[in-house]
Structures are given as structure tokens and as C-alpha cells.
Amino acid sequence: MCFQMMMCIQNRQEPDKTRGLLAGIVMAWTLRSLPSLSEEQFAQWGKLFEERTGIQIVFQQKPWLESQIFARMRELGFERYDDYFAFVSTGIAGKLEWALLADKVAVKETSFFRHRESIEYVRRYLQQKIYQQTLSGSFDVWSVGCSTGEEPYSLAMAVNDCFELASLNSYYGITGMDISATALATARKAQYNKRRMELAKPEEIKRYFIQRADGSYEVVSKIRERVCFTQTNIINAKQLPDVKVDVIFCQNLLVYFRRWLRRDLLNALVDRLKPGGLLVLGLGEVVDWEHPNIQRTADDYVQAYLRVEPI
Ligand SMILES: C[S@@+](CC[C@H](N)C(=O)[O-])C[C@H]1O[C@@H](n2cnc3c(N)ncnc32)[C@H](O)[C@@H]1O
């Protein structure tokens, strides 16, 4: 008997005894449907996730991890965690399955102008460069761990404002990077529901979005044209394009990584900054990182660093 059918029967007015029996069956079904990972299995899965994505899964997330893994197992007809683990860890089919599972497990929460202060900081940084005429060539920005695209589009909007206001026709480009193929597919579509835009100002919505017939909002093409997306696993810093950029924006990603990995990644990001380039992190995401080419900027509400040359 399927779960829904049992619930239907249970919802009718059954005598107490029958209801008790059905409740027992439902509970047994539920327990059977989500078996617990043993400590050893949890450690094994945790190690796999961390090795491949950098994401550290803590013990409090065990029930959630079980539900994510088991949902995939049920779809594929696996009954035992160990069999599914063996499948995911080997072969080409395993690689494809791994990508789907990692996608499910990565937290992708984001919104337009999520941390307004940081976006405004980038705006002021660019305005100063325009004012001092220190822009050299194109203005390039990376959004690392860009999820479904709201962050890189917000950055593109702020950058576009600066150039339009200064009546400059300068070239700029924003690159959004993420490990998740589904997040990037959403990002490329650039269509969002109103909830994602709660932190955008009305004038920004008016200037940069078109409302669609279904009520969702689409980012205007002049912004979309400036933003490109690439699937990147940031723990392989070597995979990062060997170019120098003006701004690297990396928020709400490093928190999932161990401290040593955060530091390694940050060191790799510094190498990709132009001299005088700006690195913007989430506030409080890194506390004990130092680098000879990096100077923290004086701002209590933004965690930003400038690339400087050692004296
Ligand atoms: C919580 S979202 C943050 C989105 C955005 N930066 C923000 O602050 O609103 C974290 C994103 O990092 C991505 N991510 C996790 N591990 C990654 C990795 N190893 N390489 C690249 N992206 C990763 C996830 O897929 C997810 O989209």
C-alpha cells in the first residue's frame, strides 16, 4: 500500500483500533523509508563531499544529508547506502550521479543585492577609479560561488550605473562561477520571482528588469550581455582562468570550508587580482588570514581587501 493511500484511509473516520494500526504501519513505513546512516557511513559520505567540493558537513546536518541521499537512492532504486556510495564513487555513471547529488547538497540561497553594503562598496571603488582616471582597459569582476546569478547581476547593475552616470562607454564584464550546473542554468535564464528581488530598490527594478506575463521578472539584455557563467569547482584553484581581474566577490561560500582551505583559496584569489584590485568577502567569513599583498580596507560593515605591493 502506498503512503498517500494509507494517509487517505487514516484521514477518514476510522475506529480507534484501526487508526492505531494504520499509524503503526505509517510509522514503520516512514522509518523504513529513511534509514539512518551509521557513524562510519556518515564519516565516509562527509569525507567524499569534503574531498570533492570542500563543503564540510557537520553532524547536526546528518538527518538532512540522509534525506538528500535517500531521495536519490529511491529515484534510482538503491536500498542500501553502501551500494549507492560504491556507485557514486566509481565509473563514469558514478561521476554523473555525483554531480546530481552534489547539486542537491550545496546550499544555494541568495538574492539580488543580498549584502547591499558590499555592492555599494564596489560601486564606490569603481566611482573613485573613474574620478581619478585610473581605469586601465576593461573592468572585470568575478562572482565566486554565484549560485543562481542574483549576485553577479547585482554587481553588473552597480557597475553599469557608474559608467552610465559618467557617460563612459567602457567595457566591463562579470563572470559568475559555481559548482552547481542547475544553479548556473537558472542564472543563464535570468528570470526570477519577486521574492528574490526584495532587497532591490524600486528604481533598480524599473531600470533593470522586465516583468513577464507570468509575473516573474527578467534581467534586461544590456545587463545579461555583460555577465557570463562558468561551472567551476573553486577548490581546484588551478582551474581558475589565468587572468587578472579588478574585483573578486566571494560571499557565503567560504563558510562551508575548513579554515586551511579558506586560506588556500584566498591566497589563490589574490594571485588573480590586478594591482590595486579589490577582494570582497562575506562579513566575518574569515578572521585570521594574512597575505603580504593584501591590506584590509577600513570599513566595519564590509570585509574587503586591496591588493598592494609589499614595500
Ligand atoms: C549560499 S550560496 C552563495 C551565493 C551568493 N554568493 C550569495 O552570497 O548570495 C553558495 C554557493 O556556492 C556554491 N559552491 C559550493 N561549493 C562550491 C565549490 N567547491 N566551487 C564552486 N562553487 C561552490 C554552491 O553551489 C552555492 O551556489
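Residues that are under 23 Å from ALA106 (Cα atoms), within 10 Å of the ligand (Cβ to nearest atom), surrounded by 22 or more Cβ atoms within 10 Å (Cβ to Cβ) and at pLDDT 95 or above: does the range 238-248 have at least one?
For the range 238-248, residues under 23 Å from ALA106 (Cα atoms), within 10 Å of the ligand (Cβ to nearest atom), surrounded by 22 or more Cβ atoms within 10 Å (Cβ to Cβ) and at pLDDT 95 or above: absent.
ALA99: part of a helix (DSSP H, G or I), under 30 Å from ARG263 (Cβ atoms) and touching a residue at least 12 places away in the same chain (Cβ under 8 Å), yes or no? I'd like the intermediate steps shown before the answer.
Numbers: part of a helix (DSSP H, G or I): yes; under 30 Å from ARG263 (Cβ atoms): yes; touching a residue at least 12 places away in the same chain (Cβ under 8 Å): yes.
Against the criterion (part of a helix (DSSP H, G or I), under 30 Å from ARG263 (Cβ atoms) and touching a residue at least 12 places away in the same chain (Cβ under 8 Å)), ALA99 qualifies.
For GLN128, state whether it is at pLDDT below 95 and away from the ligand (no atom under 16 Å from the Cβ).
It is false that GLN128 is at pLDDT below 95 and away from the ligand (no atom under 16 Å from the Cβ).
Are there any pairs with C-beta distances below 8 angstrom linking a residue in the range 48-68 that is within 22 Å of ALA86 (Cβ to Cβ) to a residue that is of a type in the set (Phe, Trp, Tyr) and away from the ligand (no atom under 15 Å from the Cβ), with the two at least 6 apart or on different chains, and if so which?
Short answer, once both residue conditions are applied: LEU48/PHE85; ILE57/TRP45; LYS62/PHE42; LEU65/PHE42; LEU65/TRP45.
Taking the options LEU306, LEU283, LEU266, name whichever one is buried (at least 19 other Cβ atoms within 10 Å of the Cβ), under 25 Å from ARG123 (Cβ atoms) and out of contact with any Cys (no Cβ under 6 Å at 6 or more places or on another chain). Talk me through it step by step, then tell me what you get.
Details: LEU306 fails: buried (at least 19 other Cβ atoms within 10 Å of the Cβ); LEU283 fails: buried (at least 19 other Cβ atoms within 10 Å of the Cβ).
Just a single option satisfies the conditions, and that option is LEU266.
Considering only residues that are under 32 Å from the mean Cα position of the chain (by Cα) and at pLDDT below 85, look in the range 32-57 and name the one that is surrounded by the most Cβ atoms within 10 Å (Cβ to Cβ). Step through it out loud before you land on a result.
Residues of the range 32-57 that are under 32 Å from the mean Cα position of the chain (by Cα), as a first pass: 33-57.
Among the residues that remain, those that are also at pLDDT below 85 are: 33-34.
Working: SER33: 11, LEU34: 13.
The selected residue is LEU34.
Taking ALA200 as the residue in question, decide whether it is crowded, with 16+ Cβ neighbours inside 10 Å and part of a loop (DSSP other than H, G, I, E, B).
yes
Can you tell me which residue within the range 137-153, out of those that are without any contact (Cβ under 8 Å) to a residue 60 or more places away in the chain and more than 9 Å from the ligand (Cβ to nearest atom), is nearest to LYS201 (Cα to Cα)?
For the range 137-153, the residue satisfying everything is SER138.
Enumerate the pairs (first residue in the range 107-122 and of a type in the set (Gly, Ala, Ser); second residue anywhere and in a helix (DSSP H, G or I) and near the ligand (Cβ under 7 Å from one of its atoms)) with beta-carbon separation below 6 Å, excluding pairs fewer than 6 apart on the same chain, so at least 6 apart or on different chains.
What qualifies is SER111/GLU150.
Name every residue in the range 164-193 that is assigned to a helix (DSSP H, G or I), surrounded by fewer than 21 Cβ atoms within 10 Å (Cβ to Cβ) and either touching a strand residue (DSSP E or B) at 6+ places or on another chain (Cβ under 7 Å) or at positive phi (or both), in order of residue number. Quick ask: steps written out before the conclusion?
Narrowing the range 164-193 to residues assigned to a helix (DSSP H, G or I): 164-165, 181-189.
With the extra rule that they be surrounded by fewer than 21 Cβ atoms within 10 Å (Cβ to Cβ), the set shrinks to 164-165, 181-182, 185-186, 188-189.
Scanning the range 164-193 gives ALA181, ARG188.
What is the residue count in the range 204-225 for residues that are within 23 Å of GLU120 (Cβ to Cβ) and out of contact with any Asp or Glu (no Cβ under 8 Å at 6 or more places or on another chain)?
11
The values are calculated or read from the model by the stated rules, or taken from the named source; none is laboratory data. Note that this is a predicted model, so its numbers are computed, not measured. Quick reminder, even Gly has a Cβ in these numbers, built from the backbone with ideal geometry, and neighbours come from all protein chains shown.
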